[in-house]
Number of protein chains: 2
Amino acid sequence: MHLSPLKQRHSYFEFISNLTRLGKPPLVTTTTTTPNETPMLKLHGDARSTCTKRVATILFEKAAHFELVPVVGAASKSAEYKATMQPFGQIPVLEDDGYFLYESRAIGRYIAEKYRDQGTMGLIPNGDLKEMGRFECALSMEATQFLPAELLAYEAAFKPFKGGKTDPAEVARLTSELAAKLDAYDQILGKTKYLAGDSITLADLYHIPYADMLTNLLKSDLLTNEAARPNVARWYHDITSRPSWLAVKNGVPASA
Amino acid sequence: MHLSPLKQRHSYFEFISNLTRLGKPPLVTTTTTTPNETPMLKLHGDARSTCTKRVATILFEKAAHFELVPVVGAASKSAEYKATMQPFGQIPVLEDDGYFLYESRAIGRYIAEKYRDQGTMGLIPNGDLKEMGRFECALSMEATQFLPAELLAYEAAFKPFKGGKTDPAEVARLTSELAAKLDAYDQILGKTKYLAGDSITLADLYHIPYADMLTNLLKSDLLTNEAARPNVARWYHDITSRPSWLAVKNGVPASA
């Protein structure tokens, strides 16, 4: 793995700079509804944020139409936003005809449940107790075992972007911790095609934003090294080549 | 909040020492089954571990009989354990008549689903899409927003216990981060009795082990300071006084 702080910082600024050249996401202020029609889903978030992309990926998987309502920079930190939209001052927030929901993983599950019969089927298995247990286990793995990936992104990319200084020792510690976790992933993915069985579920998809960031922005080979972890590499290429991710990886579109 | 490294280390050793005086959990080697009877649930774990206690709390809530199969110290780190029981080398693991499941939150959900009609009702709401959304949001909050509590426990208790040195700056950073998160919890708990509404769910119960550890072992008042966060304090005292937690807080019993 190659993670010199200089290279990380450079590539992250380059990334942001490229995005800026592409222009800011358009500000959406109108709602496309007609009488007797359910208002379109609104995704309040930032086109470039990992958690906004996590939700948008699920929206694309389920062929659910939505519009992005940009919440960028410090907008989510205001007292008003915290009082009315999201008490932790974070993005994204889903708005569905007057119902508001936050926490990207909860939003993804809400979408997968609401549009159960369209788009990709089986993102939430419709199975027996034991199959659901495996699914819940895989969901929990993403939130807990894969956490070093998120912390690594913070240390190597978000922290210097916010004016802090990457700690190389912390990067080394998290890299080593994540490598050990991915060894276990390789064992699991040697038995089944996806984390909860042979069909893709929300649990696989939820890994994509940080897996892609580690690989393409931070230039880590933790997820792609076929010699070290052949099953993880196969799985990584599979999930990150899905049309849903390709539709959002360079920025969530203003509407879909 | 009072968290001097010296005090933490002292109280943690005192805690362990008290446990040792009470005796190690008995080694359970027999299975209490008779023909035509479903074998009892086996909880492979450590009587003193936070995640083992998280699962045991749900077992007590659902009045589900179980026996504890002790996995202590480095036993979960062996190649055999990782190959056959839990690829990440962790506890707990639930064994249910030949079916094995790990990740404490997934196990809790499996138990709450399997024993839906006994013990405490409604731990998984049986509600509409929107109610389920709020439940999933609350579950995700525990895993992500409450994470500083777990990291604080690591830094102030587990790390020195393992021979490392608590970093006071890290303790201060995590304390401040958790305080901000709990301000948002106070806002949420000012509107509803529990995190996902006015009935207790898995999401509330999953907070208990680290909430209790911060308060009683690390002597933090983050969760109990009524002047600072009256709703959090009310909620903390409510969830930690439940018989299910009182049954496991000083060590998960060998069977129940």
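Read the figures in this text as sums done on the coordinates, not as results from a lab. Keep in mind that this is a model prediction, so the values were computed, not measured. Positions of Cβ are generated from backbone atoms using ideal geometry, with glycine treated the same way; all protein chains shown enter the neighbour counts.
Results, tabulated for the structure shown:
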quantity: Mean residue ellipticity (222 nm) of the protein assembly as shown, computed from DSSP H runs ≥ 4 via -39,500 (n - 2.57), nearest 500; calculated: -14000 deg cm²/dmol
quantity: Trypsin sites (Lys or Arg not before Pro), loop per DSSP, at most 12 other Cβ atoms within 10 Å - longest free stretch of chain B; calculated: B:1-161
quantity: Given charges at beta-carbon only (K, R positive; D, E negative), |dipole| of chain B in Debye; calculated: 660
quantity: Student exercise, the range A:33-130 dipole from Lys, Arg, Asp, Glu Cβ charges, in Debye to nearest 20; calculated: 400
quantity: Net length gained if the chain between B:M121 and B:L246 were fully extended (0.36 nm per residue, minus Cα distance); calculated: 43.1 nm
quantity: Global form of chain A, assessed from the alpha-carbon gyration tensor, a/c cut-off 1.5; calculated: oblate
quantity: For the range A:98-114 versus the range A:156-184, the gap between their alpha-carbon centres in whole angstrom; calculated: 29
quantity: Listed residue pairs exceeding 27 Å between alpha carbons, taken from A:K114/B:K53; A:K53/A:K193; A:K165/B:K181; A:K62/B:K181; B:K53/B:K130; A:K193/B:K159; calculated: A:K114/B:K53; A:K62/B:K181; B:K53/B:K130; A:K193/B:K159
quantity: Cα shape, the protein assembly as shown, gyration tensor, a/c 1.5 rule; calculated: rounded
quantity: Share, in percent, of DSSP beta bridges within chain A that are antiparallel, nearest 5; calculated: 65
quantity: Extreme residue, positive dipole direction of the protein assembly as shown, given options B:A74, A:Y236, B:P160 (C-beta unit charges); calculated: B:P160
quantity: Shielding by other protein chains, A:94-107, mean Cβ within 10 Å; calculated: 4
quantity: Potential lengthening between A:D238 and A:E226 on full extension [0.36 nm per residue; Cα-Cα distance subtracted]; calculated: 3.0 nm
quantity: Total charge dipole magnitude, the range B:123-243, about the Cα centre, Cβ charges on Lys, Arg, Asp, Glu only, Debye to nearest 20; calculated: 180
quantity: Pairwise label distance in nanometres, B:T192 with B:A79, each label 7 Å out on the Cα-Cβ vector; calculated: 4.9
